[in-house]
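Colleague: One structure is given below, represented as structure tokens, and several questions about it will come after.
The values are calculated or read from the model by the stated rules, or taken from the named source; none is laboratory data. Computed from a predicted structure; not experimentally measured. Quick reminder, even Gly has a Cβ in these numbers, built from the backbone with ideal geometry, and neighbours come from all protein chains shown.
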Amino acid sequence: MFTGIIEELGTVTDWSPSGDAARITVRGPIAVDGAAHGDSISVSGVCLTVVDQGADWFTTDVMAESIAMSTLKSVAVGTPVNLERAAQVGDRIGGHIVQGHIDGTSDVLSVTEGSAWRVLRFSLTPELAPLVTRKGSIAVDGVSLTVSAVGLDWFEVSLIPETLSATTLGAKAVGDQVNIETDILARQVARFLELGGGDRPEQAQQHDLGSSIDGRSGI
């Protein structure tokens with residue numbers, strides 16, 4: 001579990017494919033401080049497990065699902081990544097609850113400069129659009145952000161100078177891809193409604209059966 005408050009900018013030092021998976025090594029002295037074998041570290045929003053480490057680096061295995069769902073498929077040696085160690089019980093949650101389980105990727109649609117901030121607009125797929133709301137929380141490349149505006153197929157975030165300088169988001173341009181994790185509460189509510197909005201699972205299945213038989217919702 002993470003909070004979306006990035007601790008440092010790391011750098012990919014090795015990317016070794018192995019079939020449909022890969023092993024990645026990242027330089028990140030802060031992220032590796034106090035880390036142990038089996039610990040979790042968020043790499044640009046993707047929760048990965050430490051399998052080897054040194055004084056200022058760590059190595060993790062990346063499974064096929066994580067590669068397919070995230071921007072990790074396009075990293076190379078020298079790629080900067082956002083790093084955050086797993087939250088400890090008793091930590092201040094400066095951002096929001098972030099699992100490190102990526103929903104997918106979004107494209108940067110526009111970058112608008114302000115006097116001391118920057119507004120980034122990102123694309124939204126039809127699957128993710130219902131889970132994103134104005135003033136709601138979202139993690140972009142592992143960074144906890146507040147949605148400042150939202151449309152049917154896009155959302156915007158406003159970035160302060162600290163976020164621009166301390167994370168990879170400051171270097172994003174139109175066409176770049178980012179990892180997206182929607183708010184865990186929105187996901188749970190969506191699943192709740194999908195199963196019948198309060199019905200027990202077996203009742204939801206009965207509704208589905210009724211719909212398939214006579215074409216009506218059964219609700």
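Colleague: Quick check on this structure: which one of 139, 149 is part of a strand (DSSP E or B), buried (at least 20 other Cβ atoms within 10 Å of the Cβ) and either touching a residue at least 12 places away in the same chain (Cβ under 8 Å) or out of contact with any strand residue (DSSP E or B) (no Cβ under 7 Å at 6 or more places or on another chain) (or both)?
Modeller: On the way: 149 fails: buried (at least 20 other Cβ atoms within 10 Å of the Cβ).
Checking each option against the conditions leaves just 139.
Colleague: Check residue 165 against each of (1) more than 18 Å from residue 128 (Cα to Cα); (2) of a type in the set (S, T, N, Q); (3) touching a Lys or Arg at 6+ places or on another chain (Cβ under 8 Å) and name the one condition it does not meet.
Modeller: All conditions are met except number (3).
Colleague: Being more than 14 Å from residue 102 (Cα to Cα) and of a type in the set (Val, Ile, Thr) is the filter here, so list the residues in the range 42-72 that pass it.
Modeller: Residues of the range 42-72 more than 14 Å from residue 102 (Cα to Cα): 49-61.
Scanning the range 42-72 gives 49, 50, 51, 59, 60.
Colleague: Which residue is nearest to residue 5 (Cα to Cα), if the candidates are limited to the range 77-100 and must be modelled with pLDDT of 95 or more and not in a strand (DSSP E or B)?
Modeller: The qualifying residue nearest to residue 5 (Cα to Cα) is 79.
Colleague: Out of all the residues in the range 176-212, which are at pLDDT below 60, exposed (fewer than 12 other Cβ atoms within 10 Å of the Cβ) and of a type in the set (A, V, I, L, M, F, W, C)?
Modeller: Scanning the range 176-212 gives a single hit, 209.
Colleague: Another question about this same structure. Filter the range 1-21 for residues that are of a type in the set (Gly, Ala, Ser) and surrounded by fewer than 16 Cβ atoms within 10 Å (Cβ to Cβ); which is farthest from residue 89 (Cα to Cα)?
Modeller: 19
Colleague: Take the residues in the range 105-129 that are closer than 13 Å to residue 164 by Cα and touching a residue at least 24 places away in the same chain (Cβ under 8 Å), then tell me which one is surrounded by the most Cβ atoms within 10 Å (Cβ to Cβ).
Modeller: Checking each candidate, the answer is 120.
Colleague: Select from the range 42-92 the residues that are among the aliphatic types (A, V, I, L, M) and more than 18 Å from the chain's Cα centre (by Cα) and write down the one among them that is nearest to residue 144 (Cα to Cα).
Modeller: Applying the first criterion (among the aliphatic types (A, V, I, L, M)) to the range 42-92 yields 43, 46, 48, 50-51, 55, 62-64, 67-69, 72, 75-77, 81, 83, 86-87, 89.
Add one more test, that the residue is more than 18 Å from the chain's Cα centre (by Cα), and what stays is 50-51, 55, 76-77, 89.
Values: 50: 22, 51: 26, 55: 28, 76: 24, 77: 26, 89: 19 Å.
That would be 89.
Colleague: Return yes or no: is residue 163 surrounded by 17 or more Cβ atoms within 10 Å (Cβ to Cβ), touching a helix residue (DSSP H, G or I) at 6+ places or on another chain (Cβ under 9 Å), assigned to a strand (DSSP E or B) and not aromatic (Phe, Trp, Tyr)? Steps first, answer last, please.
Modeller: Working: surrounded by 17 or more Cβ atoms within 10 Å (Cβ to Cβ): yes; touching a helix residue (DSSP H, G or I) at 6+ places or on another chain (Cβ under 9 Å): yes; assigned to a strand (DSSP E or B): no; not aromatic (Phe, Trp, Tyr): yes.
No.
Colleague: Could you tell me which of the residues 30, 24 is modelled with pLDDT of 95 or more, at negative phi and surrounded by fewer than 18 Cβ atoms within 10 Å (Cβ to Cβ)?
Modeller: Working: 24 fails: surrounded by fewer than 18 Cβ atoms within 10 Å (Cβ to Cβ).
Of 30, 24, the one residue that is modelled with pLDDT of 95 or more, at negative phi and surrounded by fewer than 18 Cβ atoms within 10 Å (Cβ to Cβ) is 30.
Colleague: Would it be correct to say that residue 115 is outside any helix (DSSP H, G or I), modelled with pLDDT of 95 or more and out of contact with any Gly (no Cβ under 8 Å at 6 or more places or on another chain)? Lay out the reasoning, then the answer.
Modeller: Numbers: outside any helix (DSSP H, G or I): yes; modelled with pLDDT of 95 or more: no; out of contact with any Gly (no Cβ under 8 Å at 6 or more places or on another chain): yes.
The answer is no for residue 115.
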